[in-house]
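The block underneath contains the structure these notes are about, expressed in structure tokens.
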There are 2 protein chains.
Amino acid sequence: MNWTLPEILPPCAETFRRAQARQAQLTKPPGSLGQLEGLALRLVAMQASERPVLERVWISVFAADHGVAEAGVSAFPQAVTREMCRNFVRGGAAISVLARQIGAALEVVDVGVIEPLEPGAGIVDARVGSGTFNFTQGPAMSGTQLDRALAAGAEAAARAAGFGAQLFIGGEMGIANTTSATALACALLGIEPERLAGPGTGLDDAGVRHKREVIETALWLHSPAGCGPLEILCRLGGFEIAALTGAYLSAAAASIPVLVDGFIASVAALLAVRLQPGCADWLIYAHRSAEPGHRLILEAVRAEPVVDLAMRLGEGSGAAVAVPLLRAACALHNEMATFAEAGVSSA
Amino acid sequence: MNWTLPEILPPCAETFRRAQARQAQLTKPPGSLGQLEGLALRLVAMQASERPVLERVWISVFAADHGVAEAGVSAFPQAVTREMCRNFVRGGAAISVLARQIGAALEVVDVGVIEPLEPGAGIVDARVGSGTFNFTQGPAMSGTQLDRALAAGAEAAARAAGFGAQLFIGGEMGIANTTSATALACALLGIEPERLAGPGTGLDDAGVRHKREVIETALWLHSPAGCGPLEILCRLGGFEIAALTGAYLSAAAASIPVLVDGFIASVAALLAVRLQPGCADWLIYAHRSAEPGHRLILEAVRAEPVVDLAMRLGEGSGAAVAVPLLRAACALHNEMATFAEAGVSSA
């Protein structure tokens, strides 16, 4: 594999300290804005600005199909990957509505839907193949494909940087991709599929059992213990998951704060952090998904997500929903008066 | 007491059913938007509209002082009540920033700050007295004062209705008002002060112990077991808490959805629901406060709040922070395409 890991610098500690000192003077009991205070300070440090701004938000939804879908691990037929991508750009999907709502730029990146997406506004062709190979029978992708998928993510981050994005959100679409993400998480964390496999888009108990068995088969075939993250990604990944990993690393390298969506996105974030631990400083986890395994992934990356709304849709939707809370955190930090400015007595 | 409880009608069940049927057809796995789905449907029913809208949001912050402040139960001096009200209208407080951020109308209602607020834009004079009486020595207010405080809340709801508000938020400001709210909750729920008393704006352990003893003294003096909610409010309340209760009841009677803020607002909501159980259908609980007793209040009203950000500021700030999530819920419900419209295969 030839993809070069980008260099990631830490957020600005000096701006953080100055902003923290001012935050302690704002007209509120210390700490009374809870998580919003820490979020504002993290954005201060990432943007190296005492007045962080999240006006320009960029969303790349990476779409790809999964060979393992043929094992019957999803509640939806595989054609839905492509159908939903059309829905994304036509404006009828959840992420389309939310992107409008928050005024974000939205693009759909085809990294390997089985039948290519029709070219059109909002569609980026970065195809790596026509879906991955069924990883219960062999590696999901070749090393070359992995390189290209990671690069597709990096290119999305570069487009976001060109746009002047102050926040990067990666979404994903791919029927069967919770199966891939669960297998990856099991391999990366050494956790049994029984503890991580969940209903995804809506499997019943028998469906979840079957999905778990499919993952067990894949883990038995690939015996990933001792493999590095890229090798694991190659064997069990999806093109869109690899693209998310590449995008997170490249956004961090470009000093763009990243808002991580749910279960699948968090597995991509875990991969990014394993590859470059410094990436963690640039990742904010938006929400806790209803997919039961998400809790374990969030613990592994020591994340306290912003909201917990029992969402489990993907597409970047949980991240988009959380954007106004980050904006509120910034506005409070930027615009509140200090005790001295307002003539208010302190404690 | 002469205040007449307003009649409260239930939200529209028929519109709810129609909207629920359409929601099941939207292009997402059923239930995958989690709490946002239920919130949208509740707003559908309250607004009796299949396409609920939260453009016009009204915030009334009720401010008053508390006689019990002289018992040393707050981390801040009593002068802060008045000082913060000036900060609210000048734009430097958290609620001022958040109101701007969400485009809400904001008014500050003086229901009994010790020294009257200076008249000015954004200030409403609805004074009931110069702070309550110290309830460790006698009833906090007279029956006439309670009537007038409830009416002050009702008048705020009437102004909101005149504005065409699609959502009502009540905030509060009053040094020592977590002591009053805690005493009220103990009396209403029959819970020991030890389980409910918390740090409020930032008491240390010794401060919380003292606050608990002050509340125990008040409960011993007033022995509220067997008293009705209005009698309890009279003995242990605050003018701003009574005003919130009146506002919630009147907003519900005017078919305006209410977004309840944190600990103190939830105690006012508990009072409103005890007075008129039908009020509950009109209340959405915005957040779980870091004030430890809030959990018990939320359980008592069977509420699952929208966010849990460890905020503990009051002013209506937790509610204002949650508004964009309700707007996202409405936008998703209103604008997402159905499977048929988008040509997407269903499960």
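Within the option set A:Ala158, A:Ala69, A:Ala94, being hydrophobic (A, V, I, L, M, F, W, C), farther than 30 Å from A:Arg18 by Cβ and in contact with a strand residue (DSSP E or B) (Cβ under 9 Å, 6 or more places away or on another chain) holds for one residue only, A:Ala94. Here the condition is being more than 18 Å from A:Leu41 (Cβ to Cβ), open to solvent by 10 Å² or more (accessible area, probe 1.4 Å), in contact with a Pro (Cβ under 9 Å, 6 or more places away or on another chain) and modelled with pLDDT of 95 or more; of A:Arg274, A:Arg327, it holds for A:Arg274 alone. May I ask you to list the residues in the range A:43-63 that are in contact with a Ser or Thr (Cβ under 8 Å, 6 or more places away or on another chain) and within 26 Å of A:Leu313 (Cβ to Cβ)? Within the range A:43-63, just A:Ala63 meets the criteria. Quick one: would you say A:Ile191 is of a type in the set (A, V, I, L, M), without any contact (Cβ under 8 Å) to a residue 40 or more places away in the chain, open to solvent by less than 30 Å² (accessible area, probe 1.4 Å) and outside any strand (DSSP E or B)? Spelling it out, it is not the case that A:Ile191 is of a type in the set (A, V, I, L, M), without any contact (Cβ under 8 Å) to a residue 40 or more places away in the chain, open to solvent by less than 30 Å² (accessible area, probe 1.4 Å) and outside any strand (DSSP E or B).
So which residues in the range B:250-270 are assigned to a helix (DSSP H, G or I) and more than 11 Å from the chain's Cα centre (by Cα), if there are any at all?
If the condition is that a residue be assigned to a helix (DSSP H, G or I) and more than 11 Å from the chain's Cα centre (by Cα), then B:Ser250, B:Ala251, B:Ala252, B:Ala253 are the ones that fit.
Residues that are in contact with a Cys (Cβ under 7 Å, 6 or more places away or on another chain), within 30 Å of A:Asn334 (Cα to Cα) and within 14 Å of chain A (Cβ to nearest Cβ) do occur in the range B:63-71. When each of A:Arg302, A:Arg327 is tested for being facing chain B (nearest Cβ under 8 Å) and either assigned to a loop (DSSP other than H, G, I, E, B) or touching a residue at least 60 places away in the same chain (Cβ under 8 Å) (or both), the lone residue that passes is A:Arg327.
The set of residues from the range B:195-210 being in a helix (DSSP H, G or I) and touching a helix residue (DSSP H, G or I) at 6+ places or on another chain (Cβ under 6 Å) comprises just one member, B:Leu196.
Does B:Glu335 count as more than 8 Å from chain A (Cβ to nearest Cβ), surrounded by fewer than 22 Cβ atoms within 10 Å (Cβ to Cβ) and either touching a residue at least 40 places away in the same chain (Cβ under 8 Å) or over 21 Å from B:Ala247 (Cβ atoms) (or both)? Considered against the rule, which asks whether it is more than 8 Å from chain A (Cβ to nearest Cβ), surrounded by fewer than 22 Cβ atoms within 10 Å (Cβ to Cβ) and either touching a residue at least 40 places away in the same chain (Cβ under 8 Å) or over 21 Å from B:Ala247 (Cβ atoms) (or both), B:Glu335 comes out as no. Hey, does the range B:118-139 have a residue that's assigned to a loop (DSSP other than H, G, I, E, B) and within 14 Å of chain A (Cβ to nearest Cβ)? Taking every residue of the range B:118-139 in turn, at least one turns out to be assigned to a loop (DSSP other than H, G, I, E, B) and within 14 Å of chain A (Cβ to nearest Cβ). Test A:Ala75 against the criterion of being closer than 30 Å to A:Val344 by Cα, within 13 Å of chain B (Cβ to nearest Cβ) and touching a Pro at 6+ places or on another chain (Cβ under 8 Å), and give yes or no. When the stated conditions are applied, A:Ala75 does not pass them.
Of the residues making up the range B:305-315, at least one is within 13 Å of another protein chain (Cβ to nearest Cβ), touching a helix residue (DSSP H, G or I) at 6+ places or on another chain (Cβ under 6 Å), on the phi < 0 side of the Ramachandran plot and not in a loop (DSSP other than H, G, I, E, B).
For A:Ala251, the conditions (1) over 22 Å from A:Leu188 (Cα atoms); (2) surrounded by 24 or more Cβ atoms within 10 Å (Cβ to Cβ); (3) within 14 Å of chain B (Cβ to nearest Cβ); (4) of a type in the set (Gly, Ala, Ser) are fulfilled apart from (3).
The values are calculated or read from the model by the stated rules, or taken from the named source; none is laboratory data. Note that the structure is predicted; figures quoted are calculated from it, not measured. Every residue, glycine among them, receives a Cβ derived from its backbone with ideal geometry; neighbour counts consider all protein chains shown. Accessible surface areas use protein heavy atoms only, side chains included; no ligands, DNA or RNA. Shrake-Rupley method; radii C 1.70, N 1.55, O 1.52, S 1.80 Å.
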